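Here is the structure we will look at, set down as structure tokens.
The values are calculated or read from the model by the stated rules, or taken from the named source; none is laboratory data. Every value quoted in this text rests on a predicted model; they were computed, and no experiment measured them. Counting neighbours? That spans all protein chains shown, and the Cβs are built from the backbone with ideal geometry, glycine included. Note: accessible area is taken over every heavy atom of the protein model, side chains too, but ligands, DNA and RNA are not part of it. Shrake-Rupley method; radii C 1.70, N 1.55, O 1.52, S 1.80 Å.
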Amino acid sequence: QLLGYLIGAMAAVLAAIAFWMLLTVQEGKRQRAFADDLPETLQLIAGSLRGGLSMMQAIDTVADEADDPTASEFQRVITEARLGRDLAVSFRDLANRMDSKDFAWVVTAIEIHREVGGDLASILDRVGDTIRARNRVRGQVKALSAEGRVSGLILFFLPPVMVMAIAAANREYLNEKLNESEGQIMLVLAGVLLLPGGAWLKRLARFVY
């Protein structure tokens, strides 16, 4: 009976972790799509400004012509601006939602331009070139760290999967171990160490650049 409770608890924990990972992957996918499109977005804004459009008209052009999630995020900025919200504040919120330091630089450049003036289109072009270079480095880092990330996932899920496999192959053996105090202590200790170990492995495979 204890084994059944244990397997049920482990299955519930794994389901919760899988759901959280799914949401994290979807969020990361949206943020990466925004980051990948950002140089072209800046190029589109710069071209619109050179064509004589205002900043709001340039943003509206991005909302109409860009792909999602860029189009929907810029449409949200337009809606907020029409409701009276400051454009810089909306851009800051957008940078936070997309977790984009690159776009935060763009917002800073726009705010400086509003204070001192200058050729914003040229500034956006230079920022776009810098972001393209960073995206190339980001791609190289992801490729080099892929093996480490996969190894971390395997090591994290291997213990609970092995327990389930032993339960399926030799239930009596596992029951015998779980009925002993030593086996129960080892099981609790393994569960306690699993989460910090997984967090440590994730941090090892995460590069900051």
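Give, in whole angstrom and from largest to smallest, the semi-axes √(5λ) of the equivalent ellipsoid of the chain, with λ running over the eigenvalues of the Cα gyration tensor.
Taking √(5λ) for each eigenvalue gives 51, 18, 13 Å, largest first.
First measure r as the distance between the Cβ atoms of Ile154 and Gln31, then evaluate 1/(1 + (r/R0)^6) with R0 = 22 Å and state the FRET efficiency to the nearest 0.05.
After rounding to 0.05, the efficiency reads 0.30.
Can you grab the distance from the C-alpha centre of region 17-49 to the C-alpha centre of region 65-129, Å, no decimals?
Using only Cα atoms to place each centre, the spacing works out to 14 Å.
Below 8 Å, C-alpha to C-alpha, sequence gap of six or more: please give me the relative contact order for the chain in percent. Mind dumping the intermediate values first?
Numbers: 127 pairs, mean separation 43.4, N = 209.
Dividing the mean separation by the residue count of the chain yields 21 percent.
Pop a pseudo-label 7 angstrom from the Cα along the beta-carbon direction at both Gln140 and Ile185 and give the gap in nm to one decimal.
Here the answer is 5.2 nm between the modelled labels.
Set the Förster distance to 45 Å, then compute FRET efficiency between Gln57 and Trp20 from the Cβ-Cβ distance, nearest 0.05.
Computed FRET efficiency for Gln57 and Trp20: 0.65.
Which shape class, rounded, prolate or oblate, goes with region 1-109 when its Cα gyration tensor gives a ≥ b ≥ c as root eigenvalues, a/c under 1.5 marks rounded, and past that a/b bigger than b/c marks prolate?
Taking the square roots of the gyration eigenvalues as a ≥ b ≥ c, region 1-109 is prolate.
From the protein chains alone at 1.4 Å, what is the descending order of accessible area for Glu40, Glu80, largest first?
Sorted by accessible area, descending: Glu40, Glu80.
I'd like the Kirkwood hydrodynamic radius of region 47-124, using the inverse of the mean 1/r over distinct C-alpha pairs, in Å.
About 12.8 Å for region 47-124.
Sum -39500 (n - 2.57) across every DSSP H segment of at least 4 residues in the chain, then divide by the residue count to get the 222 nm mean residue ellipticity, nearest 500.
Helices in the chain give a 222 nm mean residue ellipticity of -30500 deg cm²/dmol.
Treat every Asp and Glu Cβ in region 6-86 as -1 and every Lys and Arg Cβ as +1, leave all other atoms uncharged, and give the resulting dipole magnitude about the Cα centre to the nearest 20 debye.
So the dipole magnitude of region 6-86 works out to roughly 240 debye.
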